[in-house]
Amino acid sequence: MSLQALAREQQELAGAATSGRSARTVWGGHEHVLRQTLIALTADSSMSEHENPGEATVQVIVGRVRLDADGNQWEGRQGDLLFMPPGRHSLLAIEDAVVLLTVAKINKV
């Protein structure tokens, strides 16, 4: 599987979408503990604030993004790996971007 090829495909879809976003699960899903999702965002589009369902990282494949959580901000560019803090967070595309979101869901007992 070529993440670069999938990134180009998702960028095209995001560019055509009114939301400026497109996503594709590349591994796992809701029935698995581990899920990896390729997410494309056009410049200035975002994933609004939401809960973190478990341990997560964001690898920037293309472009630049800003992760906002609990009053803190982290910027990532191509090749960077951002670690998701627990709790609510949002992700903004500073420029057209594609990220690989990896989440390991925490099973609550």
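Within the range 36-62, take every residue that is touching a helix residue (DSSP H, G or I) at 6+ places or on another chain (Cβ under 7 Å) and either open to solvent by 30 Å² or more (accessible area, probe 1.4 Å) or not in a strand (DSSP E or B) (or both) and give me the one that is nearest to His89 (Cα to Cα).
Only one residue tops the list, namely Thr42.
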inquiry  = Need the failing condition index for Pro85 against (1) part of a loop (DSSP other than H, G, I, E, B); (2) under 12 Å from the mean Cα position of the chain (by Cα), just the number.
reply    = (2)
message = Give me the residue from the range 72-93 that is closer than 18 Å to Gln36 by Cβ and free of Cβ contacts under 8 Å to residues at least 24 places away in the same chain and, out of that set, least open to solvent (accessible area, probe 1.4 Å).
response = Gly76
Inter-residue pairs, beta-carbon under 8 Å, first at pLDDT below 80 and in the range 97-109, second assigned to a strand (DSSP E or B) and open to solvent by 30 Å² or more (accessible area, probe 1.4 Å), 6+ apart = Ile106/Glu55
request  = Could you list all residues from the range 1-35 that are in contact (Cβ under 8 Å) with a residue 40 or more places away in the chain, part of a strand (DSSP E or B) and open to solvent by less than 50 Å² (accessible area, probe 1.4 Å)?
outcome  = Val26, Arg35
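The values are calculated or read from the model by the stated rules, or taken from the named source; none is laboratory data. All of these numbers come straight from a predicted model, not from anything done at the bench. Here the Cβ is made from the backbone with ideal geometry for all residues, glycine too, and neighbour counts use every protein chain on show. All accessible areas refer to the heavy atoms of the entire protein, side chains included, with ligands and DNA or RNA removed. Shrake-Rupley method; radii C 1.70, N 1.55, O 1.52, S 1.80 Å.
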